[in-house]
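What follows is calculated from the coordinates using simple rules that are stated; it is not laboratory data. Remember, it's a predicted structure, so these values are computed and weren't measured experimentally. Neighbour counts are summed over all protein chains in view; Cβ atoms, including those assigned to glycine, are modelled from backbone coordinates with ideal geometry.
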Amino acid sequence: MRVVETFEATRALSEGRTGLVPTMGFLHEGHLSLIEAARDANETVVVSVFVNPLQFGEPDDLASYPRDLDRDVSLAAEAGADVVFAPDESYMYPVRPKTSVSVAGVANDMEGAHRPGHFDGVATVVAKLLSGVQPNAAYFGRKDAQQLAVIATLVDDLSLPVHIVGLPIVRESDGLALSSRNVRLSPAERARALVLSRSLFEAAGSFEAGESKAGALTGAVRAAIAASGDIEPEYVELARARDAAIVDEAVEGEYFLAVAARVGATRLIDNITLDADHGSADRGIHLTGPSMLYEEG
């Protein structure tokens, strides 16, 4: 496996069908599931590792984001990556970019409302990665369901020749959605954070029993969180998967039920995918033991 710092070197090492897994590093089992899926479908697998400053609204959040490139390279290689593209910020943005990619509508609500400018930063860096690497397919986790809709819309609107693949959320054994930010939680905060997934799973059960109204589903999530104590959700919404449009009812096709909340100083998001055509809910994939996020050294 090779580690490179330029788009030119990445393209030179890409042979046949190429799959790209964009990451901000500090890899965990969720990222590895994307790499493994890309490995199964492509001749070359590229993993990008870049902490994108454009998508951070809070300087402290950017500064404290965990980084360990040596660890990421080792894990990516074990999962089947051929190339790790790990550029410096000075390469990606030699000057503050004058061009910004904005996906109207899809990016307005939920995360867009609570993190102004976030999705412009995401869309801009993803457009740059897709243009520079030129993959046949790019792989993203459904944990960031609205982000997935933003990226799919970006690709469709600009007719980019890349297939966007969304894969199930990977969860810790107790249900907490995997995130590099989980390492910031104290033991007490982590225990409190479990109400997010539990409340979503309860709503999933209601959906599978026939409830499709947004008010009932979001109300069940809010009630479960409120009963737990001191966590106040920033939002709880039911939205269409394809365009992140907030809806009153899950009628046909795919939807996601999403929640965001701060637990202590750490902001967490989670969601479940609801398939209205089959009346089923995707609760994600659960690990059978502790995540590699907590391994020492």
| query | If r is the Cβ-Cβ distance from Ala209 to Asp156 and R0 is 35 Å, what FRET efficiency results, to the nearest 0.05? | reply | 0.55
| query | How would you order 80-93, 3-16 from highest to lowest mean count of nearby Cβ atoms within 10 Å? | reply | 80-93, 3-16
| Within straight cross-link reach of Lys98, meaning Cα distance under 15 Å, which aspartates and glutamates are found once same-chain residues fewer than 8 apart are removed? | Asp120
| Listed residue (His286, Thr218, Asn271) projecting farthest to the positive dipole end of region 180-294, Cβ model | His286
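Applying a 10 Å radius around every beta-carbon, put 116-128, 162-174 in order of their mean neighbour count, most first.
Values: 116-128: 20.2, 162-174: 18.2.
In descending order of packing, they fall as 116-128, 162-174.
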| said: I want the local charge near Leu200. Using Cβ-Cβ distances under 10 Å, sum +1 for each Lys or Arg and -1 for each Asp or Glu among the other residues. | reply: 0
| task | Starting with the highest mean, order 18-25, 152-159 by the number of other Cβ atoms within 10 Å, averaged over the residues of each peptide. | result | 18-25, 152-159
| message | Normalised radius of gyration for the chain, please: alpha carbon Rg relative to 2.2 N^0.38 Å, two decimal places. | response | 0.98
| task | Only Lys, Arg, Asp and Glu count, each charged at its Cβ (+1, +1, -1, -1), so figure out the dipole size of region 180-294 about its Cα centre, rounded to 20 debye. | result | 680 debye
| task | Please list, or write none, the lysines whose alpha carbon is within less than 25 Å of the alpha carbon of Lys213, excluding same-chain residues fewer than 8 places away. | result | Lys143
| field | Computed over region 93-188, Kirkwood Rh from alpha-carbon pairs, angstrom | value | 14.9 Å
| said: Which one, Asp70, Asp61, Asp243, has the greatest fluctuation when you compute a Gaussian network model over the chain with C-alpha springs under 10 angstrom? | reply: Asp70
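If you take the Cα Rg of region 2-167 and divide it by 2.2 N^0.38 Å, with N the number of residues, what do you get?
Scaled against compact globular proteins, the figure is 0.97.
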| task | On a C-alpha basis, how far is the centre of region 201-239 from the centre of region 151-186 in Å? Whole number, if you could? | result | 21 Å
| task | Return the whole-Å distance between the Cα centroid of region 253-297 and the Cα centroid of region 1-32. | result | 25 Å
